[in-house]
Amino acid sequence: MIGLPVRAINYVILLLALTLLGGVTHAQERQARRVVLLDRIVAVINDQVITRRDLDERLKTVSLQMQRQGTPLPPQEALEKQVLERMIQTRVQLQFARDTGLRIDDAALDSAIARIAANNKVSTQELRTLVEKDGISFSKYREDIREEIVLVRLREREVENKIQIADSEIDNFLKTVQQQDSRSEEFNLSHILVRVPDQASPEQLQDRRARAERALEQIKNGTDFRQIAATVSDATDAVQGGLMGWREFIQLPTLFADAVRSMKPGEVSSVLRSAAGFHILRVNERRGHVEAAMVTQTRARHILIKTSELVSENDAKERIIKLLERVENKADFAEIARLQSEDTSASRGGDLGWLSPGDTVPEFEKAMDALKPGEISGAIRSPFGWHIIQVTERRSQDMSQQQQRMRARQALREQKAEEAYLEWTRQLRDSAFVELRLEEK
């Protein structure tokens, strides 16, 4: 640079600066392109997005589950669309839960994970090791469990708790069932649903029927039912291969019951039409159901402190422990229940009457069954909150008629709840702003 005039020196410096700046700009552009390639938005749902990385992580989990179940994987593109739609439906429900104040705090989450570990006969640390062995971070696993709990409680709050079954419905149901020869049987079923939208046009109806007919033809030609379900079904169990599991005959909708009554294990139904859409059923197994006439009944009373948007898990637990101390110090159980319990049984001193197996949630029933008459439980957690339980009496009872009515009530409840849940999720999905970008590159 020696000997160059100042103007020339300034010009060279400017050239160098522009060259360097151009290099930085190109580097930034290359980096930006790399970021786009590594991750991008594949769907927008209201005020949130699902990224390619989110989708890939979920695909990995679903693929691993399907492989463990022995379910053949559908084509990648079809599986991506199925998994993305499930993610969208889940995200819409989680947003609704958030906006309506439904939360699961860390204490409740820790309790749930401890129960999962216990059910699998491992410690929480061993569960963590197993999860991480599958390539999933434990923090991600925890948040997935939190979301599952939110979805269960949301369904209970918005759908199941609103279902009412009249005695006249049970009477009519039992009259119909008594005419069915297969009423004492159980069926292990798989299911494909091609949903039909409300007020579908003739073209839409024809398109959905054709899709169901093509699926049935593929199954008849030897394609695995589970693979077709994971590819085309609109049911929530699609990525599980459409597995519904064991159902008593009386629990089946009339459409399904009429179809499976004469079917043998391994057989597939024709395409069935319902208000929801087009269905295909597969009977995996069937077995006779032995009716148990004599059952052990328990008479119990309880005190319940509920968790809610305003009462945290810890607060509810602290309250129930303080009440437990009073009960253990010989305070009157019924009086405390009348004054403190947040259950409808409070006015009866917490008395729940005679309970048969299956009348209460599993957590409550397990704790109750472990007590002898006169004994009082510790603080017990259930989906409803925190309980103190006291067993007052036990007896063996011939429950043939009562049990039949109970099963009929449960069957009607399940049918109504499933139909109501599908309709509720459809309306929630339709009311959301959803923009799909999966095809974009």
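The values are calculated or read from the model by the stated rules, or taken from the named source; none is laboratory data. Note that the structure is a prediction, hence the values are computed from the model and not measured. Here Cβ is always computed from backbone atoms with ideal geometry, including for glycine, and neighbour counts include all displayed protein chains.
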Note on Val361: of the conditions (1) of a type in the set (A, V, I, L, M, F, W, C); (2) touching a residue at least 60 places away in the same chain (Cβ under 8 Å); (3) exposed (fewer than 15 other Cβ atoms within 10 Å of the Cβ), unmet is (2)
Flagged in the stretch 372-389 as over 30 Å from Leu102 (Cα atoms) and in contact (Cβ under 8 Å) with a residue 24 or more places away in the chain, in numbering order, are Ile376
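Every residue, every condition in (1) farther than 20 Å from Val150 by Cα; (2) at pLDDT 95 or above; (3) not assigned by TED's automatic domain parsing to the domain that holds Asp106, yes or no:
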{"position": "Lys306", "(1), (2), (3)": "no, no, yes"}
{"position": "Glu309", "(1), (2), (3)": "no, no, yes"}
{"position": "Asn329", "(1), (2), (3)": "yes, no, yes"}
{"position": "Phe333", "(1), (2), (3)": "yes, yes, yes"}
{"position": "Ala337", "(1), (2), (3)": "yes, yes, yes"}
{"position": "Asp359", "(1), (2), (3)": "yes, no, yes"}
{"position": "Pro362", "(1), (2), (3)": "no, no, yes"}
{"position": "Ser377", "(1), (2), (3)": "yes, yes, yes"}
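Are any residues in the stretch 377-391 of a type outside the set (Lys, Arg) and buried (at least 16 other Cβ atoms within 10 Å of the Cβ), and if so, which ones?
Just the residues of the stretch 377-391 that are of a type outside the set (Lys, Arg), to begin with: 377-380, 382-391.
Of everything in the stretch 377-391, those that are of a type outside the set (Lys, Arg) and buried (at least 16 other Cβ atoms within 10 Å of the Cβ) turn out to be Ser377, Ala379, Ile380, Ser382, Phe384, Gly385, Trp386, His387, Ile388, Ile389, Gln390, Val391.
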The strands (runs of 3 or more DSSP E) lying wholly within the stretch 335-441 that contain at least 3 residues that are farther than 30 Å from Leu84 by Cβ and in contact with a helix residue (DSSP H, G or I) (Cβ under 8 Å, 6 or more places away or on another chain) are 351-355, 380-382, 385-398
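Would you confirm, using the coordinates I've provided, whether Thr90 is at pLDDT below 90, out of contact with any strand residue (DSSP E or B) (no Cβ under 8 Å at 6 or more places or on another chain), not hydrophobic (A, V, I, L, M, F, W, C) and not assigned by TED's automatic domain parsing to the domain that holds Arg226? If you could, list the steps in order and put the result at the bottom.
Working: at pLDDT below 90: no; out of contact with any strand residue (DSSP E or B) (no Cβ under 8 Å at 6 or more places or on another chain): yes; not hydrophobic (A, V, I, L, M, F, W, C): yes; not assigned by TED's automatic domain parsing to the domain that holds Arg226: yes.
Judged against the criteria, Thr90 is not a match.
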Expected output for the stretch 259-273 (first residue free of Cβ contacts under 8 Å to residues at least 60 places away in the same chain, partner surrounded by 16 or more Cβ atoms within 10 Å (Cβ to Cβ) and among the aromatic types (Phe, Trp, Tyr), Cβ below 9 Å, 6+ apart or cross-chain) is Met263/Phe187; Val268/Phe225; Ser269/Phe256; Leu272/Phe256; Leu272/Phe278
### Query
Could you say whether any residue in the stretch 206-229 is within 23 Å of Arg429 (Cα to Cα), in a loop (DSSP other than H, G, I, E, B), in contact with a Gly (Cβ under 8 Å, 6 or more places away or on another chain) and of a type in the set (Gly, Ala, Ser)?
no
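Can you work out which of the residues in the stretch 395-404 that are touching a residue at least 60 places away in the same chain (Cβ under 8 Å) and surrounded by fewer than 16 Cβ atoms within 10 Å (Cβ to Cβ) is nearest to the chain's Cα centre (by Cα)? I'd like the intermediate steps shown before the answer.
Filtering the stretch 395-404 down to residues touching a residue at least 60 places away in the same chain (Cβ under 8 Å) leaves 395-400, 403-404.
Checking the rest, the ones that are also surrounded by fewer than 16 Cβ atoms within 10 Å (Cβ to Cβ) come to 395-398, 400.
Working: Arg395: 36, Ser396: 35, Gln397: 35, Asp398: 35, Ser400: 32 Å.
This residue is Ser400.
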Going through the stretch 96-148 in order, the residues found to be at pLDDT 90 or above, over 30 Å from Arg429 (Cα atoms) and among the polar types (S, T, N, Q) are Ser123, Thr124, Gln125, Thr129
>> Would you confirm, using the coordinates I've provided, whether Phe187 is free of Cβ contacts under 8 Å to residues at least 60 places away in the same chain, of a type outside the set (D, E, K, R) and buried (at least 21 other Cβ atoms within 10 Å of the Cβ)?
In response: no
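Give the residues of the stretch 268-301 that are of a type in the set (D, E, K, R) and exposed (fewer than 13 other Cβ atoms within 10 Å of the Cβ), sorted by residue number.
Filtering the stretch 268-301 for residues of a type in the set (D, E, K, R) gives 273, 282, 285-287, 291, 299, 301.
Of everything in the stretch 268-301, those that are of a type in the set (D, E, K, R) and exposed (fewer than 13 other Cβ atoms within 10 Å of the Cβ) turn out to be Glu285, Arg287, Glu291.
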